[in-house]
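Before any comments, here is the structure.
The values are calculated or read from the model by the stated rules, or taken from the named source; none is laboratory data. In this text, all values refer to a predicted model and were calculated from it rather than measured experimentally. Cβ sites come from the backbone with ideal geometry, for glycine too, and all protein chains shown count toward neighbours. We work out accessible area using only protein heavy atoms, side chains counted, and drop any ligands, DNA or RNA first. Shrake-Rupley method; radii C 1.70, N 1.55, O 1.52, S 1.80 Å.
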Amino acid sequence: MSIPAFENSLFFQNISLQNLFIIINTIVIMPILEEFLYRGLVMKKLLIKTNYKVAILVSSILFGLGHLDFEKSLVTFFSGLIIGYVFWKSKNLFYPIIIHIVINLLFSFFKYNSVEITFNLMSIYIIIYTISIYVLIFKIPKILKNEN
């Protein structure tokens with residue numbers, strides 16, 4: 001069974017089996033592995049030895065440098081600061097993984113729909129979506145709890 005609306009989209013027209021593997025790797029596998037590495041291992045160790053600001057900063061620098069592309073490294077550094085803060089506040093890797101997956105999903109969608117992604121566009125999207133996820137995770141539950 002097929003869904004014509006999806007088959008006709010640029011996103012699905014440009015996907016080969018190899019690209020599908022790359023997308024699954026980019027959207028699901030790498031965010032999980034990277035969050036376990038940069039927040040689960042590096043940041044946790046740093047939190048034992050330093051304060052949370054240093055831990056977030058150092059893990060974000062390493063996260064940015066780990067992407068080996070200057071423009072991408074800047075964006076991942078800034079998103080790493082936000083994701084690191086969310087990890088520090090939540091003490092849970094689930095939220096950083098979800099934020100990371102959402103960010104990678106958005107960029108994969110743009111990439112396969114031939115949208116030119118510039119540093120400014122990436123920065124804006126990362127900030128908007130990370131703040132949105134932060135609000136959903138931390139602020140709305142508090143608001144709902146206070147209303148009851």
To the nearest 10 square angstrom, what accessible area does Ile32 show with a 1.4 Å probe? 60
Estimated FRET transfer efficiency (Leu17, Phe94; beta-carbon r; R0 35 Å; 0.05): 0.70
